[in-house]
1. Where both residues lie in the chain, what percent of DSSP beta bridges are antiparallel, nearest 5?
2. Suppose the chain between D23 and D105 were pulled fully straight at 0.36 nm per residue; how much longer would it get relative to their current alpha carbon spacing?
3. With labels modelled as points extended 7 Å from the Cα through the Cβ direction, what inter-label distance (nm, one decimal) is found for E33 paired with H96?
4. I need two numbers for the range 146-201: Rg to one decimal and Dmax as a whole number, Cα atoms only, in Å.
5. With runs of 4+ DSSP H residues as the only contributors, calculate the mean residue ellipticity of the chain at 222 nm using -39,500 (n - 2.57) per run, divided by the residue total and rounded to the nearest 500.
6. Which value in nm describes the separation of the simple spin-label points at K131 and A116, placed 7 Å from the Cα toward the beta carbon?
7. Please give the charge dipole size of the range 105-155, origin at the Cα centre, charges +1 on K and R Cβ atoms and -1 on D and E Cβ atoms. Round to the nearest 20 debye.
8. So what are the ³J(HN,Hα) numbers for the range 130-136, from phi and the Karplus equation (6.51, -1.76, 1.60; θ = phi - 60°), rounded to whole Hz, Gly and Pro as x?
Amino acid sequence: MQSSLRNYLPPSAIIQVSKLLEDDNLQVKIKKERKTRHGDYRRLPNGKHQITINSNLNPYRFLITLVHEVAHYESYRVYGMLIKPHGIEWKRTFQHLMLSFLNPDIFPNELLPLLAKHFKNPKASSDTDVKLSLALKQFDQSNNKTLIFEVPTGQSFKLYNGRIFKMGMKRVKRFECIEIETGRVYLFNPNAEVELLKTEDYE
């Protein structure tokens, strides 16, 4: 395992992660923040395999993301390239790989019940598990972002890509938000991060 990875992981997970990454055909690279993904996996033209992970993730989300991507590699290696990216083969591989990490030496006690529930049927992204995602966010470095569920009705906000919305009503699980420029309604997950705006910021 590259020594630089140690700086991103929970200390108690380092030995186990090292064993996961013993394969010389698999390399891990740290990337600057990407808004649309925490990490990814791909097979390189030379036959080797590469995982990339965002550098801004807190240690617990970094570990989950790393194991998520290693599960892609392992399921590809065992089952071949014709399986679905997040199909049953990947789910079972991800569950198996994460099992030994789900203990209080690695994760805080408040995360363990949420992780146990999530890994009964892991999703393509942990962000779609709202309760787990919100619990993980408390370990992020502080920033000037606000979560959607904290935005008052009628308040305007901006996304990372510059698009501006106004907060609408809550549906069962998600929130209706109106794009200022087009008037179109979009649904946002409660844990989406946005930047609150004053009226003069977008008029």
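All of the numbers you see were taken from the coordinates with simple rules; none came from a lab. Quick caveat, the model's predicted, so the values are computed rather than measured. Ideal geometry is used to build each Cβ from the backbone, glycine not excepted, and the neighbour counts take in all protein chains shown.
1. Beta bridges within the chain, antiparallel portion: roughly 75 percent.
2. 27.0 nm
3. Going by the 7 Å Cα→Cβ label model, 3.6 nm.
4. Just the Cα atoms of the range 146-201 yield Rg and Dmax of 10.1, 32 Å.
5. That calculation yields -8000 deg cm²/dmol at 222 nm.
6. Label-label distance for K131 and A116, simple model: 1.2 nm.
7. The dipole of the range 105-155 has a size of about 180 debye.
8. Using θ = phi - 60°, the values come out as 4, 4, 5, 4, 5, 5, 5 Hz.
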